[in-house]
1. If the elastic network links every pair of Cα atoms under 10 Å, which of Ile27, Ile52, Ile151 fluctuates the most in the Gaussian network model of the chain?
2. Just report the Cα centroid separation between the stretch 1-79 and the stretch 307-363, whole Å.
3. Suppose only helical runs count, i.e. DSSP H with n ≥ 4. What mean residue ellipticity at 222 nm does that imply for the chain under -39500 (n - 2.57) per run, divided by all residues and rounded to the nearest 500 deg cm²/dmol?
4. Report the charge-dipole magnitude of the stretch 1-133 in Debye, nearest 20, computed about the Cα centre from +1 at each Lys and Arg Cβ and -1 at each Asp and Glu Cβ.
5. Whole number please: convex hull volume per residue, Cα atoms of the chain, in Å³.
6. With labels modelled as points extended 7 Å from the Cα through the Cβ direction, what inter-label distance (nm, one decimal) is found for Ile397 paired with Leu196?
7. Give me, ordered by chain and number, the residues 5 or more places off Ile302 or on other chains with an amide H under 5 Å from its own placed amide H.
8. Taking the Cα centre of the chain as the origin, how large is its charge dipole in debye, to the nearest 20, when only Lys and Arg (+1) and Asp and Glu (-1) carry charge on their Cβ atoms?
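Just so it is clear, none of the values below were taken in a lab; they were calculated from the coordinates. Predicted model, so just to flag it, every value in this text is computed and none were measured. Cβ coordinates were reconstructed from backbone atoms using ideal geometry, including for glycine residues, and neighbour counts include every protein chain displayed.
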Amino acid sequence: MIVRRAAGWLDERFGTNAIVHVTLKKIYPDHWSFYLGEFALYFFLVLVGTGIWLTFAFDASSQNAYASVLALADRSHPIGYVIRQVHHWAAVCFVAAILVHMGRIFFTGAFRRPRELNWMIGLCMLMLASFTGFTGYSLPNDGLSGTGLRIAYSVALSIPLIGRWAAGVFVGGNDFPTPQLTTHLYTLHVYFLPVLIAALLGLHLALVIYQKHTQFVRDPAHVVGRRFWPDYALRTIAALGATLAVLALLATFFEINPVGDYGPYRPWIVMNGAVPDWYAAFLEGSLRLGPATEFRIAGHPIPPVFWPGLVLPTVTFLFLLLWPFIEARLTGDRAPHDVLQRTTAVPLRVGVGAALIFDGLLLTIAAGDDQTAATLHVRLDTLVWVYRIALFAGPVIAGVLAARIAAEMRARVPAGGEPPPDAVLLVRNARGGYEEEGPQAG
Ligand code: HEM
């Protein structure tokens, strides 16, 4: 009754009923992989919610940050510890969900014309999410995060010509650690980066609505979808429930980042077993495998960390950012596409994807090379050389192998093909049957 009256009140003033009607009737794709992006969205919402709570308890000064995080486990904050655990778990799951979502976009060709811009926006969000994670991980000013910051500071210093200035802006001075460091990180982590992600996310989703979802075709004459209400809405609410349940279980049973065990940051102590959160481990691995040689360019010394710490991630990022255009050029396919492809449809793409995944995994594993060497009883420098060779040979082998397998599979299963423009849109109804909607609406 109250809802009806509120709806009437709003409709009288803003004509909202028509919008609600269109929204409720909107048809969404009927495939599980379209929920992957939503998991990322829900992790982000949890991060914002728990993050706001944490700002009330956190002291953003370098002197008190560590104590204020430890105090979250006190009686003065009855649920502080759990909130912090949920927040950190949500952060690591957020990046994982983004990567899985990106994998579906990549391997099904959803990034092709006209969705190149949304691919690029997505990639920027991935980078921002990792950076937000890193700044948050560094906030407690504990022994582990301080070591990570010190590494990031050295990498920033290695930028030719502007390194000293850039590192100074990042940490708030030219002596590491500066008293302003935690306040700088806090501003980035709490205001700047999340707001930027939220703005890009709004644009990302607006573009999905404007350009409409891509579709998998069931057969050349049919496209299948579900109405927003009640079918799709109930499913997405279930996805939200699953996200919350997983986070609650993880936070309850698996402690993440126990800063109490690491102690406060002391610049003169470097913890050898230090490892970053999983999504930053590839950078750590890259630094461990990089050559220790200092090059000179035009008489200017370039520190060794510059290549693995900055050049490698930047080149990879730019390559992925431009991938929709690179692929269009290599395959000559510049036509607009609203229908997704089988993962094996473009062997070149499968090969490139496999090569990137191989190197990503290898660098991540290399982040723990000291522990692997100790466990396997091999010399650390032998292992480093094995990794270095695998870093170059591995992606070639993995890429060629994956592309050939894809080509073989493609030859066996005929490609799905585009539905004709007059393909009939079938809407799955609540009884599990299908209703014809008329020409495909998206
Ligand atoms: C903050 C992280 C992200 C969130 C919350 C998010 C969310 C979503 C959602 C809910 C959709 C609609 C459902 C779907 O198609 O799966 C979507 C579509 C899309 N996303 Fe993302 N996304 C994120 C990051 C990314 C990344 C990293 C990329 C690629 C680099 C990307 C590329 C795309 C594209 C191209 C579409 C349209 C796909 C289609 O219509 O089939 N997104 N995103």
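1. Residue with maximal mean-square fluctuation among Ile27, Ile52, Ile151: Ile52.
2. 33 Å
3. On the way: 18 runs with 265 residues, N = 442.
Theoretical 222 nm ellipticity from helices: -19500 deg cm²/dmol.
4. Working: 11 positive and 7 negative charges, 83 e Å.
For this selection, approximately 400 debye.
5. Numbers: hull volume 90.3 nm³, N = 442.
Dividing the Cα hull volume of the chain by its residue count gives 204 Å³.
6. Result for the modelled spin labels: 3.9 nm.
7. Phe295, Arg296, Ile297
8. 680 debye
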